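Comments concern the structure below.
The values are calculated or read from the model by the stated rules, or taken from the named source; none is laboratory data. Only a predicted model underlies this, so the values are computations on that prediction, with no experimental measurement involved. All Cβ positions, glycine included, derive from the backbone under ideal geometry; neighbour counts span all protein chains shown. Note: areas computed on protein heavy atoms with side chains; ligands, DNA, RNA excluded. Shrake-Rupley method; radii C 1.70, N 1.55, O 1.52, S 1.80 Å.
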Amino acid sequence: MAHGPGRAALYAAVAAKGFRRYATYRAATLAGIFTNTVFGVILAQTYLALWAERPGLGGYDQAQALTFVWIGQSLHMAVAAMGGGSEEELMERIRSGDIAVDLYRPVDLQLWWLAQDAGRACFQLFARGALPLAFGALVFDLALPASPGTWIAFFTAVLLGLLVSFGIRYLVALSAFWLLDGAGVGQLAWLVGMFFSGMLLPLNVFPGLLGEVARVLPWSSILQLPADVLLGVHTGTGLLGVYAFQLAWAAALLAAGRALQSLATRRVVVQGG
């Protein structure tokens, strides 16, 4: 197994390969940009009606609520909120038995898939994220910050959110070691993620205990917290608290993934292998 700088260079190459791989699907990317933009318009119109009836809902004014919509559309594919991440390929390799080849490679399995997913996420973030957000800013009155520092803080929160997202999806993929088909677990995870990340509605509008629970679950790191950072809700020590929360969940999920991976590769016969 590679060590030190050689290992880092290897995983960087894997990430770059993942980026280039998704960059080849130009027609799919253009179709995705169009789809994200259309759904953004639909959600924005829904939010306009909702905030007209309930001004200040969730602590957001109308411009902040609309900004939340377009941040969600810009992050949608990067965080693989409805699938499309590396977990689908990993589940298929487990199902077919090709994972045996991966286990013989002189690399860390989890870091290999993390690097590949990072390349995919970076491409989706810039290719399918920037244009829908730009469209939203042109058509609607958004509350986008002018300060470069706020944008840097936002992208830091996004990167940490991507780590949390991968941690969740890696656990989902590993379930295929015990199941004939992990698609059912994947679909359930994506439904839960859509609801508890804030993709449908900001978690701030959830009432009572439901809102309190939703905000401490890992999915809040994927959209809700990065969006609030961009909207200026978290600054100073509050911003450090956001990063600490995301890092804690990322570390816990990645550690759980490593433990489950170890259990799976020791005790479970590879399906089809």
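Calculate the length of the line joining the C-alpha centroid of segment 85-155 to that of segment 33-80, in whole Å. Spelled out, the Cα-based centre of one part sits 21 Å from the other. Per residue, segment 1-159 exposes 49 Å² of accessible surface when a 1.4 Å probe is rolled over the protein heavy atoms with every protein chain present.
Taking only protein heavy atoms and a 1.4 Å probe, the accessible area of the chain is 69% carbon and sulfur. In a reduced charge model with +1 at each Lys and Arg Cβ and -1 at each Asp and Glu Cβ, the chain shows a dipole moment near 680 debye about its Cα centre. Rounded to the nearest 10 degrees, the inclination of helix 62-75 to the longest alpha-carbon principal axis of the chain is 20 degrees. Peptide packing: for 26-34, 128-136, 252-260, the average count of neighbouring Cβ atoms within 10 Å per residue gives the ranking 128-136, 252-260, 26-34, highest mean first.
Using C-alpha pairs under 8 Å with a sequence gap of at least 6, the mean separation divided by the residue count of the chain gives a relative contact order of 27 percent.
Assigning unit charges at the beta carbon (Lys, Arg +1; Asp, Glu -1) and nothing else, what dipole magnitude in debye, to the nearest 20, does segment 100-224 show about its Cα centre?
For segment 100-224, the charge dipole is close to 100 debye.
Rolling a 1.4 Å probe across all protein chains gives MET77 an accessible area of roughly 30 Å².
The value obtained for segment 25-108, namely the Cα convex hull volume divided by the number of residues, is 143 Å³ per residue.
Kirkwood hydrodynamic radius computed over the chain comes to 19.5 Å, based on all pairs of distinct alpha carbons. Using Cβ point charges alone (K and R +1, D and E -1), the dipole size of segment 1-82 about the Cα centre works out to roughly 560 debye.
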